[in-house]
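Please treat every number below as a calculation from the coordinates, not as lab data. Here the structure is a predicted model, which means the values were calculated and not measured. We place every Cβ from the backbone using ideal geometry, glycine too, and count neighbours over all the protein chains shown.
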Amino acid sequence: MPNAEADDGVTLYYEEAGEGTPILFIHEFADDLRTWEPQFNYFSRNYRCIAYNARGYPPSEVPESSDYYSQLRAAQDARDVLKHLGIEKSHIIGLSMGGFASLHFGLNFPEMAHSLVVAGCGYGAGGDRDQWRKETAEIAQRFVDQGMEAVSQFYAYGPTRVQLENKDPRGFAAFVSRFNEHSPLGCANTFIGVQGERPSLYDLQDEMRKLTVPTYIMTGDEDEPCLDPNLMMKRTIPSSWLAVLPNAGHAINLEDPELFNGLIQRFLTAVDTGTFKARDPRSIGQSMSGLK
């Protein structure tokens, strides 16, 4: 079983396929590396694709204390998987929790990123931080007290998940099945250490303004918690593109894999060929009065 060891000793299970420029995929909270199968099938034809299970997601190790889980640690784990594989630089693609990790990877280890895809990133980005910690702690306790299948009845069927269920009932059932296989302790600790304690996106704006790594921000138009934060990131990160997928919720890589893959392929091609350009400053702050 292929495992990488993080610098704090936690082991991380990974899989890879294909050859070429590396792409590292980072999964969302409610899924695991298997969520990237449609992307592996497509991108491994021309890229070296790597995906791993985050700490807390078997067969990766499940540390018993939430002290071993944090937003920075999530970015460091991505770094450590690449270091284990001897990869100095990679494209980084993350969804939701993985989207946050992708962004923080770019902020902390920009020299290791050809590009960043920050998809489905924004849940819990603003609002009352104390209330956010309280809510995440309550959900974490439900994982421990009730188990995965009980929690999935509300978590896997939320307002940004029904889109996948409506489009692809079979794929949605497979997603729920994967969710139910996860470790309750790992999910609880992830909710406490990563979700609950991560900084608000709005508190990172100064850092994001300095980000020069090509960044693709992606969301579904029905993923309400992500819409406003995604617009903010687009306006803040000068080296960013923004895609809003139509009639789409949270799991956009599963809902519309052909559109998702095609948009990312165009982005990667621009980066790989050196034709990606940061936003032209002349496009910022113009009004109709400038046409007079």
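Listing for the model above:
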| quantity | calculated |
| --- | --- |
| DSSP-defined beta bridges in the chain - what % are antiparallel, rounded to 5 | 20 percent |
| Residue-span extension gain [Glu19 to Thr275] - 0.36 nm each, minus C-alpha spacing | 89.9 nm |
| Phi to ³J(HN,Hα) by Karplus 6.51 cos²θ - 1.76 cosθ + 1.60 over region 141-158, Hz, x for Gly, Pro | 5, 5, 4, 5, 6, 10, x, 5, 5, 5, 5, 5, 4, 10, 6, 7, 10, x |
| Rg(Cα) / (2.2 N^0.38 Å) computed for region 67-126, rounded to two decimals | 1.07 |
| Spatially proximal aspartates and glutamates relative to Lys134 (Cα-Cα < 15 Å; intrachain offsets below 8 disregarded) | Glu197 |
| Gain upon complete extension [Glu111, Asp130; 0.36 nm per residue less C-alpha separation] | 3.4 nm |
| FRET efficiency, Asp7 to Asp67 (Cβ-Cβ, R0 25 Å, nearest 0.05) | 0.95 |
| Straight-distance crosslink candidates among aspartates and glutamates, where the alpha carbon sits under 19 Å from Lys210 and sequence neighbours closer than 8 are dropped | Glu111, Asp280 |
| Quarter of the Cα convex hull surface for the chain, i.e. its orientation-mean projected area (nm²) | 15.5 nm² |
| Rounded, prolate or oblate (a/c below 1.5 giving rounded, otherwise prolate when a/b exceeds b/c) for region 121-170 by Cα gyration tensor | oblate |
| Test item: Cα-centred dipole of the chain, Lys/Arg +1 and Asp/Glu -1 on Cβ, debye | 1140 debye |
| Helix axis angle, 169-180 relative to the chain longest principal axis, alpha carbon, degrees | 60 degrees |
| Theoretical ellipticity at 222 nm over the chain - DSSP helices of four or more residues, -39500 (n - 2.57) apiece, nearest 500 | -12500 deg cm²/dmol |
| Global form of region 235-278, assessed from the alpha-carbon gyration tensor, a/c cut-off 1.5 | oblate |
